[in-house]
Amino acid sequence: MKNYFIGVFLDKNTSEKIDGVLLELRRIFQYQNIPVRWVNKEKFHVTISYLGRDINFMKKLSFGKKFIKTDFKEFEVELGSVTLGINKLYRELLHFKILNGGEELRKLSEKYNRIYNIKNVKPISPHFTIGRVQKDIVDEEFRNLTEDISVFNNNYTDNVELKFGVKKIAFIESDLENYKIIKEISSS
């Protein structure tokens, strides 16, 4: 099963910096014996627009042609604190909030949803996924983790500047293990 999306990969230096900050966060989950499937630093990315699953060759070709005709202006994304759960439906999602650059990501998402005629999608809540908890978390575990993550944020993410420039956007194919760039465009 393959997924297709428009997204941004982080540069190597930013990925290394983020991975270093996450060392202590990983210990929190290990200590509480909560399994997490962590995103590999080589695969750090931000999804702009989800295009679908297992699209056929002709549709993929059409998406690629439309994609290379689009443009965008370079902008910067600044990451904020780490949060567990993006809403009640996705409590398992471990992610960085986006402090700056979120509006640009939203506008790009809306643009690509229009171009690809993707309907009935909720507006994106820009975030940077770093992992997914691999078990159902009971309320007490969720509270404990949230408290520990808050301490982590005070000690680490609030004291380290985590920014990256969005200079390229890619049309990506993924099977969750591997990511393949089908087409890529640079900022204008």
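Taking each residue as 0.36 nm, the span from N33 to K2 lengthens on full extension beyond its C-alpha to C-alpha distance by 8.1 nm.
Considering only Y156, F142, W38, whose Cα is most displaced toward the positive end of the charge dipole of region 3-186, charges sitting on Cβ of Lys, Arg (+1) and Asp, Glu (-1)? Of Y156, F142, W38, it is W38.
If you stretched the chain out fully between E177 and D136, how much longer would it get, using 0.36 nm times the residue separation minus the C-alpha to C-alpha distance?
Working: separation 41, 0.36 × 41 = 14.76 nm, distance 2.22 nm.
In short, 12.5 nm is gained.
For the residue pairs K2/K163; K59/K111; K107/K180, the C-alpha atoms sit more than 22 angstrom apart in K2/K163; K107/K180. Loop-located GluC sites (Glu not before Pro) in region 1-91 (DSSP state other than H, G, I, E, B) with a sparse environment of at most 12 neighbouring Cβ atoms within 10 Å: E74. Taking the chain as a Gaussian network of alpha-carbon nodes connected by springs under 10 Å, the highest mean-square fluctuation of the residues T70, T129, T157 belongs to T70. Largest first, the three principal axis extents of the alpha carbons in the chain are 48, 32, 27 Å in whole numbers. Ordering I181, S15, I130 by Cα displacement along the dipole of region 3-186 toward the positive end leaves I181 in first place; charges were set at the Cβ atoms of Lys, Arg (+1) and Asp, Glu (-1). Overall, region 52-143 carries a charge dipole of about 700 debye about its Cα centre when +1 sits on the Cβ of Lys and Arg and -1 on the Cβ of Asp and Glu, all other atoms neutral. For region 99-164, applying the loop criterion from DSSP together with a ceiling of 11 other beta carbons within 10 Å to the GluC sites (Glu not before Pro) yields E161. Across the alpha-carbon atoms of region 67-122, the computed radius of gyration and Dmax are 13.9, 37 angstrom. Among the trypsin sites (Lys or Arg not before Pro) within region 70-150, those in coil by DSSP and having at most 10 neighbouring Cβ atoms inside 10 Å are K73, K119.
Label positions at K43 and K66, each projected 7 Å from the Cα along the C-beta direction, are separated by 2.6 nm. Rounded to the nearest 20, the Cβ-based charge dipole of region 3-186 about its Cα centre (Lys and Arg +1, Asp and Glu -1) stands at 1080 debye.
Over the chain, dividing the summed -39,500 (n - 2.57) contributions of all DSSP H runs of at least 4 residues by the number of residues returns a 222 nm mean residue ellipticity of -10500 deg cm²/dmol.
Values in this text are rule-based calculations from the coordinates and carry no lab data. Just so we're clear, the structure is a prediction, and the values are computed from it rather than from any experiment. Note that each Cβ is placed from the backbone with ideal geometry, even for glycine, and that neighbours are counted across all protein chains shown.
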